[in-house]
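Below: the structure, in structure tokens.
The values are calculated or read from the model by the stated rules, or taken from the named source; none is laboratory data. Only a predicted model underlies this, so the values are computations on that prediction, with no experimental measurement involved. For neighbour counting, all protein chains shown are included, and Cβ atoms are generated from backbone atoms with ideal geometry for every residue, glycine included.
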Amino acid sequence: MPARTMFEKVWAAHEVVPETPDTPAVLYIDLHLTHEVTSPQAFALLRAQGLKIRRPDRTLATLDHSTPTRTEQIFGDEPIGPTDAARQVHQLEANAKEFGVELYGLRDPRRGIVHVIGPEQGHTRPGMTIVCGDSHTSTHGALGALAFGIGTTEVGHVLATQCLLQRKPKTLAIEVGGRLGAGVTAKDLILAIIGRIGVSGGTGYVLEYRGPAITALSMAERMTVCNMSIEAGARAGLIAPDEVTLAYLAERPHQPRPEDFDAAAAGWRALASDPGAAFDARVEIDASALEPMITYGTNPGMVLPIGGAIPGERGDPVLERALAYMGFHGGEPMLGKRVDVVFVGSCTNGRLEDLQATAKILRGRRVAPGVRMLVVPGSQQVKREAEALGLADVFREAGAEWRESGCSMCLGMNGDTVPAGATAVSTSNRNFEGRQGVGARTLLASPYTAAACAVTGRITDPRDLL
Amino acid sequence: MEPIKTLRSTTVVMPSTNIDTDQIIPARYLTVTTKTGLGQALFADLRYAADGTPKPDFVLNRPEAAGSRILVAGHNFGCGSSREHAPWALHDYGFRAVVSSAIADIFKSNALKNGLLPVIVDPATHRWLVEHPGAEVTIDLETTELALPDGRRVTFPIDRFARHCLLNGIDELGYLRAQLPAIERYEAAHGR
């Protein structure tokens, strides 16, 4: 057999019907994750056509996007929020019950952001195909699963058939050499990659992150990297399973039976791209040369090293519009700019390690006067772990708000928003116009950088506080 | 789904690159459980002032935009989230095609399933369209050609299967459900 990439191995193992020039492949889906925002119309379609969910045992639902994060609303008597958000939450509860889907409901200790709980609970496994009506499904590629976001029509297709009609994408190898320096994180790495290849550089490709700087990453860090593949235009990103992956999987609540684990592990190890396998394209990045990164514009590709100056080319309408929205001017340094809001959380940086990094900076310090800081765990399990380790106390003592899990301020559809004109440093994934609220200005950065900015109230190089 | 064969319309031009799905329909409008009526929320933050009144300088609020069914947009249209609310909103508003030099993958896939044609043209044609807002163009799905007012015709790429479904008003789910015997065989053979 010729040398194959990891993507080709996973794709081939899930081809129910191969593609032809006239017809797409029928691709089998091992795990279908759903949430309240992109599923109601798909369940309605099933109901209208009198269809059942073909494999409820391969379907898992949770509440995260429009679900509030204030404790009083989850565990107290306060209403969930806007009537339509509440309706969406109750609709998923009703749909899960009617169609026999397991739901990690509002007060379930396993609830959380869909891309945090999949790996955390052990549902995500190497070599799987995983889809969800959410573009950050690429996160699960960190475990060697081919995972990508789909639209609601396709959610209906998977519910009804456990399959999708797909054209085979191309492959792009991202070779990351060297090693990240102190205070430089996986978030900085993926922002630098997006800055290099651009927000449409990955369109049509599945990315495979490879090289010594990638294998040196923890699972949480790998998830941060794969999470933002879509911000480069790629629907999926993959990292080969290795001993780090296996050690992570061995600690999950759901895992193969002990007598099956070794056989499964052998299969997972064999998923790595064969030596000499051909990729359609290749990019090389030196991790050793990277610094903490921060965005200055209105897409994740508008990013620079935190000590850098905002680009100032005249006559570029895209740049001019972005800077006008952000209230910035070309040539200005990023360091020292005022910050109003700091958000730590999301499927990008809402895991325990991210909260530990945040606490490392905040411990013994205070959030600067006039700055609002929100720390939102990616799941209820992350919340419990952070509380057990005393991290929640660090956040509260510093003056930050500590919440229940959810997507929160990443997309501002659950009551957590950034006010118009305010500048927010966020550990989330999108700095689009209006993403965190109408007129909100978002700067994407790592948890270290976000925490450092919260303490000083200014854009700050986190290495000064570590 | 109603079949689409040809589409003749004046264009509306939004030349910005990277028009993302948060701009097409902001997340706060996603708390719906149906897909109808989302045209009201299309480009909401660009289209309406804070008090809800239309911004007179936004392209869709100008009188010449009325009735247009073809949106010409900057490079990498539809990047960002997988929300199908984006093509639902464009379609509900009245658009039946988006023409650009590049269209994001998930948006393109969603558009094809909702009777909204994603038409990718070469940079020179794209530049001409951007520089001539309101031009009357014809999109022929049968020949996969876009015809400019001066008679020039350029072909555009479109997945053959999606084209077949659009031309004949075929629902992809019906096709997929016809594969169920193969799906069952796969599950049996692969221990799924």
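Quick notes
- Failed criterion for B:Thr34 (all others in (1) within 22 Å of B:Val119 (Cβ to Cβ); (2) within 14 Å of chain A (Cβ to nearest Cβ); (3) surrounded by fewer than 19 Cβ atoms within 10 Å (Cβ to Cβ); (4) of a type in the set (Val, Ile, Thr) hold): (1)
- Scope the stretch A:278-320; condition within 14 Å of another protein chain (Cβ to nearest Cβ), without any contact (Cβ under 8 Å) to a residue 24 or more places away in the chain and not in a loop (DSSP other than H, G, I, E, B); matching residues: A:Pro317, A:Val318, A:Leu319, A:Glu320
- On the stretch given as the stretch A:63-83, residues that are of a type outside the set (Ser, Thr, Tyr), under 18 Å from B:Pro26 (Cα atoms) and over 25 Å from the mean Cα position of the chain (by Cα) total 1.
- Looking across the stretch A:362-414, not a single residue is at pLDDT below 95 and either more than 19 Å from A:Gly437 (Cβ to Cβ) or surrounded by fewer than 20 Cβ atoms within 10 Å (Cβ to Cβ) (or both).
- Checking the stated criteria, B:Thr10 turns out to be in contact with a Pro (Cβ under 9 Å, 6 or more places away or on another chain) and in contact (Cβ under 8 Å) with a residue 40 or more places away in the chain.
- Among the conditions (1) within 14 Å of chain B (Cβ to nearest Cβ); (2) touching a residue at least 24 places away in the same chain (Cβ under 8 Å); (3) acidic (Asp, Glu), A:Glu175 misses just one, which is (1).
- A:Arg430, sole failed condition from (1) away from chain B (no Cβ under 12 Å); (2) more than 15 Å from A:Asp340 (Cβ to Cβ): (1)
- Residue match in the stretch A:100-120 (condition: within 15 Å of the chain's Cα centre (by Cα), part of a strand (DSSP E or B), touching a residue at least 24 places away in the same chain (Cβ under 8 Å) and closer than 24 Å to A:Ala450 by Cβ): yes
- The one condition in (1) surrounded by 23 or more Cβ atoms within 10 Å (Cβ to Cβ); (2) at the interface with chain B (Cβ under 8 Å from one of its Cβ atoms); (3) closer than 30 Å to A:Gly267 by Cα that A:Gly156 fails to fulfil: (3)
- Residue within the stretch A:400-421 that is outside any loop (DSSP other than H, G, I, E, B) and more than 23 Å from A:Asp188 (Cα to Cα) present: yes
- Single residue of A:Gly105, A:Gly122, A:Gly112 found to be closer than 25 Å to A:Gly267 by Cβ and at pLDDT 95 or above: A:Gly122
- From the list B:Glu136, B:Glu172, the lone residue that is of a type in the set (D, E, K, R) and away from chain A (no Cβ under 12 Å) is B:Glu136.
- Scan of the stretch B:166-192 for residues that are surrounded by 13 or more Cβ atoms within 10 Å (Cβ to Cβ) and touching a residue at least 24 places away in the same chain (Cβ under 8 Å), ordered by number: B:Leu166, B:Leu167, B:Ile170, B:Asp171, B:Glu172
- When the stretch A:178-204 is filtered for residues that are in a loop (DSSP other than H, G, I, E, B), of a type outside the set (Lys, Arg) and more than 14 Å from chain B (Cβ to nearest Cβ), the ones remaining, listed by number, are A:Gly178, A:Leu180, A:Gly181, A:Ala182, A:Gly183, A:Val184, A:Thr185.
Residues are listed down the side, and each one gets a yes or a no for (1) in contact (Cβ under 8 Å) with a residue 60 or more places away in the chain; (2) out of contact with any Gly (no Cβ under 8 Å at 6 or more places or on another chain); (3) more than 14 Å from every other protein chain (Cβ to nearest Cβ); (4) in a loop (DSSP other than H, G, I, E, B):
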site: A:Tyr209; (1), (2), (3), (4): no, no, yes, no
site: A:Met223; (1), (2), (3), (4): yes, yes, yes, no
site: A:Ile230; (1), (2), (3), (4): yes, no, no, no
site: A:Gly276; (1), (2), (3), (4): yes, yes, yes, yes
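- Scanning the stretch B:116-159 for residues that are part of a strand (DSSP E or B), surrounded by 14 or more Cβ atoms within 10 Å (Cβ to Cβ) and of a type outside the set (Asp, Glu) returns B:Leu117, B:Pro118, B:Val119, B:Ile120, B:Val137, B:Thr138, B:Ile139, B:Leu146, B:Ala147, B:Val154.
- B:Leu112, sole failed condition from (1) touching a residue at least 60 places away in the same chain (Cβ under 8 Å); (2) farther than 19 Å from B:Ser16 by Cβ; (3) more than 9 Å from chain A (Cβ to nearest Cβ): (1)
- Subset of the stretch A:398-427 (residues that are at the interface with chain B (Cβ under 9 Å from one of its Cβ atoms) and over 16 Å from A:Thr67 (Cα atoms)): A:Ala420
- Leading residue by the ranking (farthest from the other protein chains (Cβ to nearest Cβ)) among those in the stretch A:130-144 that are within 11 Å of the chain's Cα centre (by Cα) and of a type in the set (Gly, Ala, Ser): A:Ala142
- Pair list, Cβ < 8 Å and 6+ apart or interchain, from the stretch A:69-90 residues that are among the β-branched types (Val, Ile, Thr) to residues that are not in a loop (DSSP other than H, G, I, E, B): A:Thr69/A:Ser408; A:Ile80/A:Gln73; A:Ile80/A:Ala86; A:Ile80/A:Val89
- Check on A:Leu355, among the hydrophobic types (A, V, I, L, M, F, W, C), more than 30 Å from B:Ile25 (Cβ to Cβ), crowded, with 21+ Cβ neighbours inside 10 Å and touching a Pro at 6+ places or on another chain (Cβ under 7 Å): yes
- Qualifying residue in the stretch A:162-182 (condition: closer than 19 Å to A:Ile150 by Cα, touching a Pro at 6+ places or on another chain (Cβ under 8 Å) and buried (at least 23 other Cβ atoms within 10 Å of the Cβ)): yes
- Hey, A:Gln91 assigned by TED's automatic domain parsing to the domain that holds A:Asp134, touching a helix residue (DSSP H, G or I) at 6+ places or on another chain (Cβ under 9 Å) and not in a loop (DSSP other than H, G, I, E, B) or not: yes
- Residues of the stretch A:1-30 that are away from chain B (no Cβ under 11 Å), touching a residue at least 60 places away in the same chain (Cβ under 8 Å) and not in a loop (DSSP other than H, G, I, E, B): A:Met6, A:Phe7, A:Glu8, A:Lys9, A:Val10, A:Trp11.
- B:Pro149 passes every criterion in (1) within 10 Å of chain A (Cβ to nearest Cβ); (2) modelled with pLDDT of 95 or more apart from (1).
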